[in-house]
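The values are calculated or read from the model by the stated rules, or taken from the named source; none is laboratory data. Note that the coordinates shown come from a computational prediction; the quantities given were computed from them, not determined experimentally. Cβ sites come from the backbone with ideal geometry, for glycine too, and all protein chains shown count toward neighbours.
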Amino acid sequence: MTQVDNAHNVHPCSTMAEVREYIDALDDRVVALLAERSGYVAQAARIKQSASQIFDNARIEFIIERVRAQARQAGAPEAVMEATYRAMIAAFIDFERGEFKRMRQEA
């Protein structure tokens with residue numbers, strides 16, 4: 001049994017179709033949560049006074065350490081969580097930069 005097999009709420013599967021069904025259902029939830037997160041990122045773009053405030057390395061490292069700790073507690077692979085979050089944060093930073101610029105052009 002691997003570390004991931006012990007992860008919270010993982011159902012035993014006997015076929016790839018079952019695995020894919022569970023992954024697809026999780027993806028549905030993840031997309032909804034990321035859509036919600038994007039709404040908060042857009043609000044951050046509205047609230048911040050300067051584009052230089054968009055990239056906050058201390059905040060990024062805080063998030064990464066927090067996610068790694070949560071992964072460790074959940075029995076999930078920390079490196080995967082860190083890589084996922086770093087990629088997601090980079091994409092949201094790009095999104096926030098675009099929102100910041102768009103909002104100021106409309107004003």
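Here is how the numbers come out for the structure above:
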{"item": "Options A17, A7: the member that is modelled with pLDDT of 95 or more and at negative phi", "result": "A17"}
{"item": "Test: residue in the range 48-67 that is part of a loop (DSSP other than H, G, I, E, B), of a type in the set (F, W, Y) and surrounded by 13 or more Cβ atoms within 10 Å (Cβ to Cβ)", "result": "yes"}
{"item": "Residues of the range 86-107 classified as in a helix (DSSP H, G or I), more than 13 Å from the chain's Cα centre (by Cα) and of a type in the set (A, V, I, L, M, F, W, C), total", "result": "3"}
{"item": "Extreme residue, nearest to V30 (Cα to Cα), among residues of the range 40-84 that are in contact with a Lys or Arg (Cβ under 9 Å, 6 or more places away or on another chain) and of a type outside the set (V, I, T)", "result": "M81"}
{"item": "Unmet requirement for A83, which otherwise passes all of (1) loosely packed, with under 11 Cβ neighbours inside 10 Å; (2) under 13 Å from the mean Cα position of the chain (by Cα)", "result": "(1)"}
{"item": "Total residues in the range 11-26, condition touching a Phe, Trp or Tyr at 6+ places or on another chain (Cβ under 8 Å) and surrounded by 10 or more Cβ atoms within 10 Å (Cβ to Cβ)", "result": "1"}
{"item": "Residue match in the range 26-33 (condition: touching a residue at least 24 places away in the same chain (Cβ under 8 Å) and small (G, A, S))", "result": "no"}
{"item": "Check on A25, part of a helix (DSSP H, G or I), farther than 30 Å from F92 by Cβ, at pLDDT 95 or above and among the small types (G, A, S)", "result": "no"}
{"item": "Any chance R66 is under 24 Å from R97 (Cβ atoms) and in contact (Cβ under 8 Å) with a residue 40 or more places away in the chain", "result": "no"}
